[in-house]
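The structure appears below as structure tokens.
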Amino acid sequence: MVFNDDLVAFAVDTQVPPVSIGDVSLLSAERSLAIFLDPSRPLSSSFRSSVLSFYHDVVLFSPLSTPQERSLVLSLLSADFSVVAVSRDLLSPVYRTEFLSAAADHRLLLLDVCLLTGVSSPSPEAFSLLCHRFMAANAECALCNSPRDAFADVFPSLSYPVSFLS
Amino acid sequence: MIDLNCVLGCKSILNLHRTAFLCSKGVSPDTVPIISRWAESLDKSSTCVVCGYLMQIEQQLAHKLMWDKVPLLLVLDEPLPRFFPSVFLQAAADGLLAIVSTAVSPDQSLDRLVSARIRNAFMIDNSDDIVVGYLNPNGTIHSQLDGHDNVTILGQDGL
């Protein structure tokens, strides 16, 4: 299918940029887990499989920035997980079919953390930090694929324990 | 009957009154405002528009309906794409969009006219009534509507 870019652009330009797309009630889920992926480490199949095996009844928070994060979120959505994806520029990209299905099933919330926090055009590093801080503040526990040092700018402020899986 | 397993998006809108929108090629600029006014007159609480996404008028209508929050079943005559624009995602999240494909198989390419006829037949068979934006008396839609009495024509040659 070839989408008519002019038409899509018209529809987009007439809207106020959304802060979120999807079901905001996921933010107040009874159980939620933030996933922190170290961009310097590959996403291992054992980490992915652990998440898919043990957290099906939990709303998972993840940034949607790095290739590893995108890959993991896609796996989660394909496996019918509920996901809060922290991102930006919600109207710019196209989304895979899995995102559309999850949105229709109320299993997905996409958040523009830049609009939420009022930070415009952050660098990739600053954007990543924004995502991590948002997740740290809104999830009730955390899972990381890297030693604690990788997220030293976020984890010390957490009021809950962090689990590590390699 | 629509196989719900083949429907992407919000399936509950299929329980609404389904109105198919068909349109022959060659719709005149004078007819476009009539189609737009028809779209604005729809009761979004009770109606689901069944629409294709091939011709420009169909794409314009689909975007207007999504913009106006009118429930929409998009019927594609080609395999479901892997990617969708964010406006589709927003409409699905709002519970207003479902998408179905009438492609015979993912890897089978049919003549455009044949695939359009299959799509039109699906839309006609799965809708409670039919609105035709523009009807070419010599076109395929005209012949496909033969025998149907639940048809409203907005624009037609000679009228």
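The values are calculated or read from the model by the stated rules, or taken from the named source; none is laboratory data. Predicted, not measured: the structure shown is a model, and the values here were computed from it. Cβ sites come from the backbone with ideal geometry, for glycine too, and all protein chains shown count toward neighbours. Protein only, heavy atoms only, side chains kept; ligands, DNA and RNA dropped before computing areas. Shrake-Rupley method; radii C 1.70, N 1.55, O 1.52, S 1.80 Å.
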Counting only residues that are more than 14 Å from chain B (Cβ to nearest Cβ) and out of contact with any Phe, Trp or Tyr (no Cβ under 6 Å at 6 or more places or on another chain), the stretch A:93-114 contains a total of 1
Some residue of the stretch B:38-51 being out of contact with any His (no Cβ under 7 Å at 6 or more places or on another chain), away from chain A (no Cβ under 14 Å), touching a residue at least 60 places away in the same chain (Cβ under 8 Å) and open to solvent by 10 Å² or more (accessible area, probe 1.4 Å):
yes
If we keep only residues of the stretch B:67-88 that are of a type in the set (A, V, I, L, M) and more than 7 Å from chain A (Cβ to nearest Cβ), then the residue farthest from B:Glu40 (Cα to Cα) is B:Val75
Residues of the stretch B:42-60 being over 9 Å from the mean Cα position of the chain (by Cα), at pLDDT 95 or above and within 19 Å of B:Ser101 (Cβ to Cβ), in sequence order, are B:Cys48
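Wholly within the stretch A:74-166, which strands (runs of 3 or more DSSP E) include no fewer than the required count, namely at least 2 residues that are under 12 Å from the mean Cα position of the chain (by Cα)?
Here the list reads A:82-87, A:108-112.
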Scanning the stretch A:113-131 for residues that are within 23 Å of A:Leu76 (Cα to Cα), open to solvent by 10 Å² or more (accessible area, probe 1.4 Å) and either touching a residue at least 60 places away in the same chain (Cβ under 8 Å) or among the hydroxyl-bearing types (Ser, Thr, Tyr) (or both) gives A:Ser128
Flagged in the stretch A:82-100 as at pLDDT 90 or above, out of contact with any strand residue (DSSP E or B) (no Cβ under 6 Å at 6 or more places or on another chain) and open to solvent by less than 40 Å² (accessible area, probe 1.4 Å), in numbering order, are A:Thr97, A:Phe99
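Tally time: how many residues in the stretch B:84-121 are among the charged types (D, E, K, R) and at pLDDT 90 or above? So that I can check it myself, show each step before the final result.
Going residue by residue through the stretch B:84-121, those that are among the charged types (D, E, K, R) are B:94, B:107, B:111-112, B:117, B:119.
If we keep only those that are at pLDDT 90 or above as well, we get B:94, B:117, B:119.
Going through the stretch B:84-121 one residue at a time, the tally reaches 3.
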Note to self: For the structure I just gave you, tell me whether B:Asp146 is in contact (Cβ under 8 Å) with a residue 12 or more places away in the chain and open to solvent by 40 Å² or more (accessible area, probe 1.4 Å).
What the structure shows: no
Cβ pairs under 7 Å, 6+ apart or interchain, first in the stretch A:28-42 and more than 12 Å from A:Leu60 (Cα to Cα), second assigned to a helix (DSSP H, G or I) and open to solvent by 10 Å² or more (accessible area, probe 1.4 Å), ordered by first then second residue, are A:Leu37/A:Gln68; A:Asp38/A:Ala150; A:Pro39/A:Gln68
It is to be established whether one or more residues within the stretch B:65-84 are farther than 25 Å from A:Ala103 by Cβ, touching a residue at least 40 places away in the same chain (Cβ under 8 Å), open to solvent by less than 10 Å² (accessible area, probe 1.4 Å) and in contact with a helix residue (DSSP H, G or I) (Cβ under 9 Å, 6 or more places away or on another chain). no
Of B:Leu8, B:Leu16, B:Leu22, the only residue that is touching a helix residue (DSSP H, G or I) at 6+ places or on another chain (Cβ under 7 Å) and at pLDDT 95 or above is B:Leu22
Going through the stretch A:66-78 in order, the residues found to be open to solvent by 30 Å² or more (accessible area, probe 1.4 Å) and closer than 15 Å to A:Ser45 by Cα are A:Pro67, A:Gln68, A:Arg70, A:Ser71, A:Leu74
Per the filter on the stretch B:1-33, residues under 22 Å from B:Gln60 (Cβ atoms), within 14 Å of chain A (Cβ to nearest Cβ) and either assigned to a strand (DSSP E or B) or of a type in the set (Gly, Ala, Ser) (or both) are B:Leu8, B:Gly9
query: In this structure, is A:Leu60 open to solvent by less than 40 Å² (accessible area, probe 1.4 Å), in a strand (DSSP E or B), out of contact with any Phe, Trp or Tyr (no Cβ under 9 Å at 6 or more places or on another chain) and at pLDDT 90 or above?
result: no
Flagged in the stretch A:20-43 as away from chain B (no Cβ under 14 Å) and assigned to a strand (DSSP E or B), in numbering order, are A:Ser32, A:Leu33, A:Ala34, A:Ile35, A:Phe36
